[in-house]
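The next block holds one structure in the form of structure tokens; read it before the comments.
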């Protein structure tokens, strides 16, 4: 995938991320992001939700949800390598 997107942090600063993957787990959509300026950094996994206007927003997830999403992402990456 490796699309680049600009996002805004909580202070309104632009931050560019590389979208590594979008995937679905139990009818919930997630995105795996890598900071474009630090490709050695951790990959962030966030849930895709809709705001009150129906626009997509990215939401942080708790440790339990992250664990399940991470397993799904890792499996997806293994499948893509085969």
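Please treat every number below as a calculation from the coordinates, not as lab data. Note that the structure is predicted; figures quoted are calculated from it, not measured. In this analysis, Cβ positions are derived from the backbone assuming ideal geometry, glycine residues included, and neighbour counts consider all displayed protein chains.
Determine the relative contact order of the chain: mean sequence separation of Cα pairs under 8 Å and six or more apart, normalised by residue count, in whole percent.
Working: 117 pairs, mean separation 14.9, N = 82.
Normalised by residue count, the contact order of the chain is 18 percent.
Taking other Cβ within 10 Å of each residue's Cβ, how do 34, 6, 81 sort, fewest first? It would help to have the intermediate numbers written out before the result.
Working: 34 17, 6 9, 81 5.
With the fewest neighbours first, 34, 6, 81 line up as 81, 6, 34.
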Worksheet item: Taking the Cα atoms of region 6-63 alone, what are Rg (to one decimal) and Dmax (as a whole number) in Å?
Response: 12.0, 35
Worksheet item: How many nm is it between the label spots at residue 6 and residue 55, if each spot is 7 Å from the Cα in line with the beta carbon?
Response: 1.4 nm
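Counting other C-beta atoms within 10 Å, which of 52, 3, 68 has the fewest, and how do the rest follow? Spell out each step's value before the answer.
Details: 52 6, 3 9, 68 15.
Listed from fewest to most nearby Cβ atoms, that is 52, 3, 68.
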Response to the item:
Neighbour-count ranking for 44, 8 (other C-beta within 10 angstrom, fewest to most) reads 8, 44
Worksheet entry | Segment residue 64-residue 22, length gained on full extension (0.36 nm per residue, minus Cα span) | 13.2 nm
Worksheet entry | Separation in nanometres of the label points that stand 7 Å from Cα toward Cβ, at residue 41 and residue 77 | 1.6 nm
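Using the Cα atoms as the points, what is the convex hull volume per residue of region 34-82 in Å³?
Numbers: hull volume 5.5 nm³, N = 49.
Given the Cα convex hull of region 34-82, per-residue volume reads 112 Å³.
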Discussion item. Run the helix sum for the chain: -39,500 (n - 2.57) per DSSP H stretch of 4+ residues, divided by residue count, reported at 222 nm to the nearest 500 deg cm²/dmol.
Written reply: -8000 deg cm²/dmol
